[in-house]
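What follows is calculated from the coordinates using simple rules that are stated; it is not laboratory data. Predicted, not measured: the structure shown is a model, and the values here were computed from it. Because the Cβ atoms are built from the backbone with ideal geometry, glycine has one as well, and the counts that use them run over all protein chains shown.
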Amino acid sequence: MVLKRTFLFHLVALATVAIWGTTFVSTKVLIGSGMTPVDIFVCRFVLAYVCIWFIAPKKLFADSWRDECWLAAAGFCGGALYFVTENTALEWTLVSNVSLIVCISPLLTAFLVIVFYRTETVRKTLLAGSVMALVGVALVVFNGHFILELSPAGDLLTVVAALSWAFYCLILKRLDVHYPTLFITRKVFFYGVVTVLPFLPVLPFGFDWRVLARTPVWTNLLFLSLVASMLCFITWNLVVREIGAVLATNYIYLVPLVAMLTSAVVLDEPVNAVMLLGCALILAGVFLGQRRVHRDK
């Protein structure tokens, strides 16, 4: 019964990253319609917060000010800091650089678990699978064109984004034992919006409400808010609770693969042999990393 339950949450993790992999297309549509990345983030999190309020526990605050601070940190790391650094990096460096560097998040998570949870061990098969999947991500991202143009500021911001997501998963590990998933997720959306406010004076934020009248805009915005944000943050938090932060983040490697397939189908972008080899390495790496699964909690 326990094995069936664990297997179920691995499937949930797969479904979650599959949805996240399609968000690049939706985001591209919204940006093409005149919305900035900050506009999209604020709208996503505000709408997700309003909707989750009706199903989440109505408890306003955590049991202690320390836990409330941890919830604020989760909202900052998994919301404002992650999206602001990643979206800003896209303006300063190549999309391929950002997509590749963000995928070091699973390795950073494994390292942080070793540092902060000394009783935890990270299996060699997981590290080997992570490296294999990272090589596969590189092949998919660079699309057979091995040209890495360095932009120190943009690349450094992307590393910060990957590190912030790793910290987000570790904070979830701390909070999951004390609070329901829906309560944590609701607070993450709230503090995500609150902590992005100080960035607004220096970021391009000027939402034109008239664009909402366009069908592609409101449909993609609803998808990003209700499915990719509210639903997927709930399922991701559940996955981290059940299978642990290290194993959960290993599935992040699948995001570029799904993004590639979605772009090929929806945007008619080309797929070549090198990218297919990268897909095979990603799948093999994730499979290797998930072998002999032991809870890291």
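Please identify every one of the chymotrypsin sites (Phe, Trp or Tyr not before Pro) in segment 54-94 that sits in a loop by DSSP and has no more than 12 other beta carbons within 10 Å of its own beta carbon. Taking segment 54-94 and a limit of 12 other Cβ atoms within 10 Å, the loop chymotrypsin sites (Phe, Trp or Tyr not before Pro) found are Phe54, Phe61. With a Förster radius of 35 Å applied to the beta-carbon distance between Leu276 and Thr219, the computed FRET efficiency rounds to 0.70.
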